[in-house]
Amino acid sequence: MPVAGPGPQPIADAELRWQRPSPRLLRVRRIQVALVTVPAALIGGLACFGASGAAGGGVAGGIVVAGLIAERFLARRVASWGFAERNEDLMVRRGVLVRRLSVIPYGRMQFIDVTAGPLERSLGLATLRMHTAAAASDARIPGLEQDMAARLRDQLAELGQAQAAGL
């Protein structure tokens with residue numbers, strides 16, 4: 001049986017408190033789909049309308065249906081994101097069909113950045129991205145409130161410095 005030492009005790013996976021992105025992230029993704037689907041339906045419908053009205057309507061309708069199907073996948077994808085802070089690392093999960101769980105030790109983080117595109121900014125959201133020495137690391141948390149992203153960035157940077165220094 002392990003003896004409790006003076007250092008921080010690990011948090012059991014059953015005790016993890018998973019946090020989710022803001023529900024407004026789904027609104028951002030829906031707007032992005034609409035910005036592609038509506039013009040594509042209009043252009044496709046008008047391009048095929050010359051052959052026949054039914055063909056133009058069919059193409060436009062098909063593109064709209066494809067956009068609606070994409071929206072369903074987006075809703076599930078947004079719902080799959082989550083992150084949990086533990087004593088020694090940060091866990092990030094995502095994925096619907098292929099689930100992915102990334103564990104990022106605080107001491108391995110080289111830098112953390114917060115980004116926000118125009119749609120995210122308009123809804124007060126941001127994406128936090130953690131960079132490590134591994135070239136394949138793609139640890140990011142989208143859809144955070146801007147103040148939460150800034151707080152988490154500062155907290156992770158502080159924890160990373162403390163872990164890297166061996167404190």
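Observations
- Residue separation of LEU101 and ARG77 scaled by 0.36 nm, minus their Cα-Cα distance, works out to 7.2 nm of gained length.
- The chain - charge dipole about Cα centre, Lys and Arg +1 at Cβ, Asp and Glu -1, debye rounded to 20: 520
- Listed residue (GLN146, LEU35, ALA79) projecting farthest to the positive dipole end of the stretch 12-167, Cβ model: LEU35
- FRET efficiency for HIS131 and ALA40, using Cβ-Cβ distance with R0 set to 45 Å, rounded to 0.05: 0.85
- The P(r) of the chain has a tail past 26 Å containing 45 percent of all C-alpha pairs.
- Loop sites in the stretch 75-122: chymotrypsin sites (Phe, Trp or Tyr not before Pro), DSSP, at most 15 other Cβ within 10 Å: none
- Between the listed residues GLY50, GLN161, VAL92, the Cα displaced farthest toward the positive end of the dipole of the chain, a dipole computed from Cβ unit charges relative to the Cα centre, is found at GLY50.
- Label point of LEU119 set 7 angstrom out along Cα-Cβ; within the stretch 23-63, amide nitrogens under 13 Å from it belong to 24-39.
- With K and R counted +1 and D and E -1, the other residues having a Cβ less than 12 Å from that of VAL36 yield a net charge of +1.
Quick note: the coordinates plus some simple rules give every number you see, no bench work behind them. None of the values given here were measured: they were computed from a predicted structure. Cβ sites come from the backbone with ideal geometry, for glycine too, and all protein chains shown count toward neighbours.
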